[in-house]
Amino acid sequence: MREKVARPDEVRRWPGDFPVAHRYTPGLAGDAFLTALRDRGAILGSRCERCAYTYVPTRLFCERCFAELDAGVELGPEGTLVSFTIGFVGLEGEPLDRPVTLGLVRLDGADAVLLHHVLDPGDEPLEIGERVAVVLRAPEERTGSILDILGFAVAEAESD
Amino acid sequence: MSGTRVAVVGAGMTRFMRRAQETGKELAWEAARAALDSCELTLADVDAVCLTSAPDAFDGVHMKGEYLSDGAGGFGKPFIRTYVGGGSGVFTAIQGWYTVASGMFDVALLVAEEKMSSTQPHPQGAFLTIFDNILERPLGPNLLWIFALEMNRYMSAYGLDKRDIASVAVKNKRNAAGHPAALLGQADITVDDVLASEVLAWPVQRLDVSPISDGAVAVVVASEEAAKRITDRPVWIEGVGWNLDTTYWTNRDLVYPEYVENAARMAYDMAGVKEPRRQIHVAEPYDPFDYKELHHLEGLLLFEKGKAPEAARDGVLDREGDLPSCPSGGLLGVGNPIAAAGLMKIAELFWQLRGEAGARQVPGTPERGVAQAWGDLMQVGTVVVMGNDGGPPKTAAGLPVVQTPPYTAGGHPLSDGGFRSALGAVDHRLGARYSWDAGVAVGRFLDGLRAGKILGRECRRCERVLVPPRMFCERCFRETDGWIEVEHTGTVQTYSICHVSWDMQPLDPPEMPAVISIDGSDGGFLHMLGEVDPDGVRIGMDVEAVWKPVGERAGSILDIDHFRPRRQS
Ligand SMILES: [Zn+2]
C-alpha cells in the first residue's frame, strides 16, 4: 500500500538536531608537534628507519610496521609543491572575494606531504614541482595550532 | 559447522580511563601492538583486520573506521569496521571467526576502540537520535529511561529485591580491584554504598551504572593450523550466535531478553553445549547496568527466569562461586568504552581459559566460557562460546601456569584541568540539523491524534493490532491489512521516576516516563505520566490519555499531553 503525497505542506515532519559538540585534543604525537611549532617554530616529523619513511606531522607509531616512533626529525623549512588547488567558492557554494589556494607540500626531509595554504601566489601561475618555504606566525602570536603556520610562500629563486 | 576451527591466540588492552590523552588511533595502536606482542607476531603476520567502534559521534569523527584504520593495523590490508551498538565488541569476535573460518585468511587482528570523552556536554547527546524521532524524541527522552523502564519491569515481574541487584555492582567493582586496566575497581564497596548513591532514574542509581570511558582492546585470531604454529595454548572459538529483536521496543515485554536466548542457542548448538549451566564454567555477560548482567545470565540459559538475582546474592556469581560471572570486573568495574568493553570480555575469557588471569583467575580449571554483549535499541544479542579443549596445561609440579597478561603500559589519563587547558585543543560543534518525515503509517497516526483518536494497523495473519502502526508487519513481512481505532486507555507496562536530564542536569520535579500498553491493541508507546504522585504509580495501573485542547493539537505525539490514572466511569 502506497500513499501519494497530495499536500506536501501537510506532510508530518519533526525538526531536530544532533546535540553534540566535541573537544579534540592532539594526543601524544600531536602534542610534541604543536609544542615544537609554538616554542621553536620547528616542524617535526617521525622517521621509521625500518620502512625508510618519514611522516609529518609526528606519529606515535609507524602504520606500516607498527614500530613506536619519536618526534626526532626536524623538517623543512623549504619543500616542493606536490599539488595545489584554487578555491573560488565557499562551503555553501557562495563566491569568495579572494580565491583560496591550498597546496600539498613535501617538506625537505619528509616522505609524507603537508596540507596548508599557499600565500599570495601573485601573478605568476603556480607550478607543481616549484620550491616553496614555510611562513610562520610571529613567535608571540603562536598558540600551538596548525595555524601557527601561516602557509607556504613561493621560495625566492636562487640568484645566478 | 563447516570451515576451519578458529582460535584466539593473543590479546592486549589499554587501561580504561575516564579521559585519555591519546587520540583514538593512538589507543587502538597501543592495544593492537600489545595483542601482537602477546603472541610474538608482527603486523606483517596479519592477513586481515576487523575493527569495531560505536557511534561516530563519540570520537566526533565521521567514518571513524577509516580514521582508526592505521592504529588498528589496517594499512594496506583487507580491513572493515562493523557496528551493532553495544553488541559490537563481542560481534567483532564473531566477525573474526567467520573471517578465518571461511578459509580466506589465516590470521586476523580484531580491534575495538572508543573515545567517549571528546563528546560535549555529555556522550548521551550522541544517543538521543536512537529514539524514534517523531514519536519519542518530542517527549524529551534520556537514554537512562530505557534502562530504568526495563529494570523496573524486571524487578516488578519477579518481585526482586534491589539489594540483590546491587550486589552485582559490588561484585564487579570488587573483582576489578584485581585488574590492572580498571577504572573503578574498589575492594571495599558494599551494597549499602550502591543503595545510598544518587537516584538518577528510579530504580537506576549512580552506582548501578558503568562509567563512560576511553580505551581500546585487541585480540588475535588464527586458523587451526596457524594457531598451532603460534601457541601451544590456543583458546578455541567453539560457537558464535547473534540475533536482533524488533526495533519497536515498546511492543516487547521487557522482562526477558529473547534475542539473547536466540543468540545463545545458536552459539550453544554450534559448540555442542546441551546443558549450559553444567558445561559453562565462567561467564562474561554484558553489564552496563547491574541488572543487565542478571537479565543476560537468564537469557544465556544459565539461570531460570527471575532467579539470577538470588544467585548474585548467594555468591554463586563470585569469582570463587559456582559460576563466576564477570571475573574481569566487567563494565561496572573495569569501565565502559562501549565497543572496547565488549571485546575486553573476549580477552578475559582468553586469559581465564589459559590460566593467565593473575589476581582475577577463577579457581579450578575452567574449560569453557561464554561472553555476551547487548546493544542497539535494547535489541541485539551477540554471544561467543570459547573453550580450551580440556583445561590449561599444567606445569611439571602440577600447578597451573600463571603469568600476568600482557597489558600495554600505555594509556595516559588526562585530568579535567589538563583537558581544559590542553595545548592545541580544538572545539567544534557538529551543528547537524534535520527534518524527519513521519512517513505513511505514522503520518496517519499523527492525523488521528489531532482528531483525538489512537489508530493502529491490523495484521490478520499474526492476529495482532500494531501500535505504533506500520504499513508492514515485521514478523510475517506482509503489508498490514487495515486501520483500526483503539482505546484511549491502557495500562502502565513499566515506568521510571527520572531526576536528571539527558545531559545529567537535575530535574525538579522529576519526570515520569512510562511505556503504556494501549487497550484494544497488542502494542503501546512511550509517554509521560501526570496527575499522579510519584509514590502512587504502579506497574499495571489503569491509565487514560489526557488530550490537549483541539485548537492546540498539531498532529504530534504531544497532542496527548500525558496519561493519568483512569477515573472510574
Ligand atoms: Zn615502519
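Is one or more of the residues making up the range B:239-262 among the charged types (D, E, K, R), open to solvent by 30 Å² or more (accessible area, probe 1.4 Å) and over 20 Å from B:Leu294 (Cα atoms)? No: zero hits. Candidates are the residues of the range B:26-66 that are more than 25 Å from B:Trp351 (Cβ to Cβ) and surrounded by 20 or more Cβ atoms within 10 Å (Cβ to Cβ); the one that is nearest to the other protein chains (Cβ to nearest Cβ) is B:Gly60.
Residues that are among the charged types (D, E, K, R), at least 1 per element: which strands (runs of 3 or more DSSP E) completely within the range B:505-545 meet that? Talk me through it step by step, then tell me what you get.
Numbers: elements: B:506-511, B:513-518, B:524-528.
Passing ranges, in order: B:506-511.
Against the criterion of being at pLDDT 95 or above and not hydrophobic (A, V, I, L, M, F, W, C), A:Gly109 qualifies. The requirement of being facing chain A (nearest Cβ under 10 Å), among the small types (Gly, Ala, Ser) and at positive phi is fulfilled nowhere in the range B:103-111; no residue meets it. In this entry, B:Trp483 is excluded by the filter for residues that are at pLDDT below 95 and open to solvent by 50 Å² or more (accessible area, probe 1.4 Å).
From the list B:Ala169, B:Ala177, exactly one residue is open to solvent by less than 20 Å² (accessible area, probe 1.4 Å), within 30 Å of B:Trp351 (Cβ to Cβ) and not assigned by TED's automatic domain parsing to the domain that holds B:Pro257. Which is it?
Details: B:Ala177 fails: open to solvent by less than 20 Å² (accessible area, probe 1.4 Å).
Criteria check complete, one pass: B:Ala169.
Among the residues of the range B:92-126, those that are over 17 Å from B:Ala31 (Cβ atoms), buried (at least 20 other Cβ atoms within 10 Å of the Cβ) and at pLDDT 95 or above comprise B:Ile94, B:Trp97, B:Thr99, B:Val100, B:Ala101, B:Phe105, B:Asp106.
Per-residue answers, yes or no, for (1) part of a loop (DSSP other than H, G, I, E, B); (2) buried (at least 17 other Cβ atoms within 10 Å of the Cβ); (3) at pLDDT 90 or above; (4) more than 7 Å from chain A (Cβ to nearest Cβ):
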{"residue": "B:Gly431", "(1), (2), (3), (4)": "yes, no, no, yes"}
{"residue": "B:Ser435", "(1), (2), (3), (4)": "no, no, no, no"}
{"residue": "B:Gly443", "(1), (2), (3), (4)": "no, yes, yes, no"}
{"residue": "B:Gly448", "(1), (2), (3), (4)": "no, yes, yes, yes"}
{"residue": "B:Gly456", "(1), (2), (3), (4)": "no, yes, yes, yes"}
{"residue": "B:Cys462", "(1), (2), (3), (4)": "yes, no, yes, yes"}
{"residue": "B:Pro469", "(1), (2), (3), (4)": "yes, yes, yes, yes"}
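Listed by first and then second residue, the pairs linking a residue in the range B:357-383 that is more than 17 Å from B:Glu284 (Cβ to Cβ) and assigned by TED's automatic domain parsing to the domain that holds B:Gly272 to a residue that is open to solvent by 10 Å² or more (accessible area, probe 1.4 Å) and part of a helix (DSSP H, G or I), with Cβ atoms under 7 Å apart and 6 or more places separating them unless they lie on different chains, are B:Leu377/B:Ile130. Where strands (runs of 3 or more DSSP E) sit wholly within the range A:1-116, those with at least 2 residues that are within 16 Å of the ligand (Cβ to nearest atom) and either more than 22 Å from A:Ala138 (Cα to Cα) or open to solvent by 40 Å² or more (accessible area, probe 1.4 Å) (or both) occupy A:43-48, A:53-55.
One line per residue, one yes/no per condition, for (1) farther than 20 Å from B:Pro203 by Cβ; (2) assigned to a loop (DSSP other than H, G, I, E, B):
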site: B:Gly239; (1), (2): yes, no
site: B:Trp242; (1), (2): yes, no
site: B:Lys292; (1), (2): no, no
site: B:Gly306; (1), (2): no, yes
site: B:Ala311; (1), (2): no, no
site: B:Leu331; (1), (2): no, no
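The condition of being in contact with a Pro (Cβ under 8 Å, 6 or more places away or on another chain), under 21 Å from B:Val385 (Cβ atoms) and of a type in the set (Phe, Trp, Tyr) holds for only one of B:Tyr268, B:Tyr259, B:Tyr286, B:Tyr248, that being B:Tyr268.
Residue-wise test of (1) touching a residue at least 60 places away in the same chain (Cβ under 8 Å); (2) touching a strand residue (DSSP E or B) at 6+ places or on another chain (Cβ under 9 Å).
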{"position": "B:Ala514", "(1), (2)": "yes, yes"}
{"position": "B:Glu531", "(1), (2)": "no, yes"}
{"position": "B:Gly536", "(1), (2)": "no, yes"}
{"position": "B:Ile539", "(1), (2)": "yes, yes"}
{"position": "B:Trp547", "(1), (2)": "yes, yes"}
{"position": "B:Gly551", "(1), (2)": "no, no"}
{"position": "B:Ile557", "(1), (2)": "yes, yes"}
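One residue alone among B:Arg277, B:Arg206, B:Arg233 is at pLDDT below 95 and of a type in the set (Lys, Arg), and that residue is B:Arg233.
Got at least one residue in the range B:112-132 being part of a strand (DSSP E or B), within 12 Å of another protein chain (Cβ to nearest Cβ) and within 24 Å of B:Gln379 (Cα to Cα)? Yes, because at least one residue in the range B:112-132 is part of a strand (DSSP E or B), within 12 Å of another protein chain (Cβ to nearest Cβ) and within 24 Å of B:Gln379 (Cα to Cα). For the range B:490-505, filtering for residues that are farther than 20 Å from B:Leu446 by Cβ and modelled with pLDDT of 95 or more leaves 9.
The values are calculated or read from the model by the stated rules, or taken from the named source; none is laboratory data. Small disclaimer: the values here were computed from a predicted structure and weren't measured. Cβ sites come from the backbone with ideal geometry, for glycine too, and all protein chains shown count toward neighbours. SASA here: full protein model, heavy atoms, side chains in, ligands and nucleic acids out. Shrake-Rupley method; radii C 1.70, N 1.55, O 1.52, S 1.80 Å.
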